[in-house]
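Peer 1: Dropping the structure in here first, questions after.
Taken together, the values in this text are just the output of simple stated rules run on the coordinates, not laboratory data. Only a predicted model underlies this, so the values are computations on that prediction, with no experimental measurement involved. Cβ: placed from backbone, ideal geometry, glycine included. Neighbour counts: every protein chain shown.
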Amino acid sequence: MRIVLTTTVKIKSETSTLLPVKTDKPILKSYLKTAMKKINSMELSAPIYIGDIIEEGFIEEDINLIATKTVEK
């Protein structure tokens, strides 16, 4: 079974502490724990714009982690 992972990543910003993100394609449900460990270790810095690729080849080679919100400061 595959699902699109939607969650948040820590971000250094004046206006926000969390950035909503999602995978651009469904990932195998068995990879969820590994994916969340990787996401919990991330900390980004603003600015980040909606649609930006946070990480290419996230968990699987053809899946990207993308931002779903803009954080400018």
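Peer 1: Summing +1 for each Lys or Arg and -1 for each Asp or Glu, what net charge is found among the other residues whose Cβ lies under 11 Å from the Cβ of Lys73?
Peer 2: Around Lys73, the surrounding residues sum to -1.
Peer 1: In whole percent, what relative contact order does the chain give with Cα contacts below 8 Å and a gap of six or more residues?
Peer 2: 36 percent
Peer 1: On alpha-carbon atoms, Rg over Rh for the chain using Kirkwood Rh?
Peer 2: Numbers: Rg = 11.9 Å, Rh = 12.2 Å.
Here Rg/Rh amounts to 0.97.
Peer 1: In what order do Thr34, Thr15, Thr7, Thr23 fall by count of nearby beta-carbon atoms within 10 Å, going from fewest to most?
Peer 2: Thr15, Thr34, Thr7, Thr23
Peer 1: Given charges of +1 on the Cβ of Lys and Arg and -1 on the Cβ of Asp and Glu, with all other atoms neutral, how large is the dipole of the chain about its Cα centre, in debye to the nearest 20?
Peer 2: Numbers: 11 positive and 10 negative charges, 82 e Å.
Value, rounded to 20: 400 debye.
Peer 1: First select every other residue whose beta carbon is under 15 angstrom from the beta carbon of Ile59; then total the charges, Lys and Arg +1, Asp and Glu -1.
Peer 2: Within the 15 Å Cβ shell, the charges total +1.
Peer 1: Going through the chain, which GluC sites (Glu not before Pro) have at most 16 other Cβ atoms within 10 Å and a DSSP loop state?
Peer 2: Those that pass, being in a loop and sparsely packed, are Glu14, Glu56, Glu60, Glu61, Glu72.
Peer 1: Still on this structure: Count neighbours as other Cβ atoms within 10 Å of each site's Cβ, and list the chymotrypsin sites (Phe, Trp or Tyr not before Pro) in the chain that are DSSP loop with at most 12 such neighbours.
Peer 2: Those that pass, being in a loop and sparsely packed, are Tyr49.
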